[in-house]
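A short write-up of the structure that comes next.
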Amino acid sequence: RPTEDEEEAEVGWQEKLFSQYEVNLYLNESACQTPLDRQYHEEIRKLEKAGGRKNCRIFTYTDHDRFTNLEELCQKVTDLDHEVPSYLVERMANVRRRRQDRRPVEASSLKSKIITWEPSEEFIKNNHVINTPVQTMYIMGDLGPYGKLGHREYEHVLCTIKVDGNGVITVKPDFTGTKGAYRIELDGERREVWEYTIENVSAQVQPEEEEREQRVFRDLYGRHRDYLSGLVGSDFEMPLPGTLRLFVNGEIVSAQGYEYDNLYVHFFLELPNQWSSSPFQQLSGVTQTCATKTVGWDNVAYFCYPFTLDMFYTQEDEDSLPQWPVLYFEVLSLDFWQRYRVEGYGSLVLPASPGVHMLTIPTWRPVELGTVAEMRRFFIGGSPELEDLTYIRIPSTFKGKRLSRFGFRTETTGSVTFRLYCLQQSKAFLENSALRQRMQSILDRLGGFSQQSSVYNVLEAFQRARRRMQEARESLPQDLISTSASSV
């Protein structure tokens, strides 16, 4: 390349370097329309008197220039050559996010007003997106032929620098470093290739200034920590020793696979012995009525119904295993004529481990023999119902050893999906491992609840098999037992 096409320039933040096109434009006072144009006219006149501009091909567009506004409005969302902006893109293009130069007339009232019933158009523009003030600067290059500078079609963006209100600096493309020079290939007949590098030549921060900046940051973070602790307060509630607190943020996500439309779910929580809750805690609820939509082969009703459960477990007997709370629910449908039908019953045991759990529970409903019951269900609504919802699992009034459901006819229906966020709080978390192993705290027992239950199931099956063998042996004739014993 000829030496006159090589140029090096040091550019500061929001430093204005005029291009040949701007010099030709703003020298003519009649072309200046805005106060900024007239300011540029005066600056260019001073430059001409001082011997002209020092830069040749490298120039800049600052945050206040017309190019910055047009560049943001003309940016494409996709890489299509013939892109047609959608309605949302056109509306979003009018939202000024770069500078927070508007007076927050209505935004300041958000702290006192939760809902703005009559929002103005300016209020909607200000609050439609995250309004982070951003300042932008473009470092440009005039890549026209030598002696023919000042044509807009030869202007190319070399680097874009943005600084937002949070102090984040974005440089695109990044500083060159060891990656080598960037290349721009022109589309003309000569197919010229230009190379350029971007380096950070800012003065290094002195150790005293860096230490002072760190002190300011530590002071800021300390005040923010005190602010957060003031919001939380010092009266953080801790459960008593030997007590476990179970907190569940739940959501009834959806119900699918049911016969009728317009579904709703009624649910309640049963607390076993040694479990309790505050008197203000609601242990039951009803979702909204939700219409279904076709997803694949099923009709799905999306409830997205949130609920909160807060309960406590107090250890009384060290030898007994804890029973976990059970969530019972029933799915019903309601049609246009206010006819309701029971679509299914189900239950789930709250997870014993903390974390996120996604559970899909199948349901069933009782049925009667014959076509009369189904005709009644179809024409006038109603169907066989459970008087006690705990009969879904084990009735709360049952005191015997065996529960027989022989002759109780049911039909499999759809399923309900739950999302549960379970949290456990106990002072056992604060104990060290050695002390926790020695004390055999409640949390250890609850943590191994699933393992212990599986072991107990195996032992109970072994005991039942042993009792059956003993009963079978007692029912055999004594001579047969003695004969088999002598042969052995």
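The values are calculated or read from the model by the stated rules, or taken from the named source; none is laboratory data. Here the structure is a predicted model, which is why all the values come from computation and not from measurement. Glycine also receives a Cβ, built like all others from the backbone with ideal geometry; neighbour counts cover every protein chain displayed. Heavy atoms of the whole protein, side chains included, go into the accessibility calculation; ligands, DNA and RNA do not. Shrake-Rupley method; radii C 1.70, N 1.55, O 1.52, S 1.80 Å.
Things worth noting here:
- Sorting the segments 253-259, 417-423, 54-60, 34-40 by their mean number of nearby beta carbons within 10 angstrom, highest to lowest, gives 253-259, 54-60, 417-423, 34-40.
- Of Lys54/Lys148; Lys54/Lys179; Lys46/Lys162, those spanning more than 26 Å from alpha-carbon to alpha-carbon: Lys54/Lys179; Lys46/Lys162
- Cross-link reach is defined here as a Cα-Cα straight distance under 16 Å, omitting same-chain residues fewer than 8 places apart; for Lys401 the aspartates and glutamates meeting it are Glu460.
- Candidate aspartates and glutamates - alpha carbon under 19 Å from Lys427, same-chain residues fewer than 8 apart omitted: Asp235, Glu237, Asp310, Glu316, Asp317, Glu318, Asp444
- Rel. contact order, % - alpha carbon contacts under 8 angstrom, at least six apart, region 323-437: 31 percent
- Full extension of the chain segment joining Gln281 with Glu259 gains 4.5 nm, where the gain is 0.36 nm per residue of separation less the Cα-Cα distance.
- A straight chain from Thr116 to Ala291 at 0.36 nm per residue would run longer than the Cα-Cα distance by 60.0 nm.
- Ligands, DNA and RNA left out, the 1.4 Å accessible surface of region 150-274 is 50% carbon and sulfur atoms.
- 3J(HN,Hα) along region 356-369, derived from phi through the Karplus expression 6.51 cos²θ - 1.76 cosθ + 1.60 where θ = phi - 60°, amounts to 9, 10, 10, 10, 10, 9, x, 10, 9, 9, x, 10, 10, 6 Hz, with x in place of Gly and Pro.
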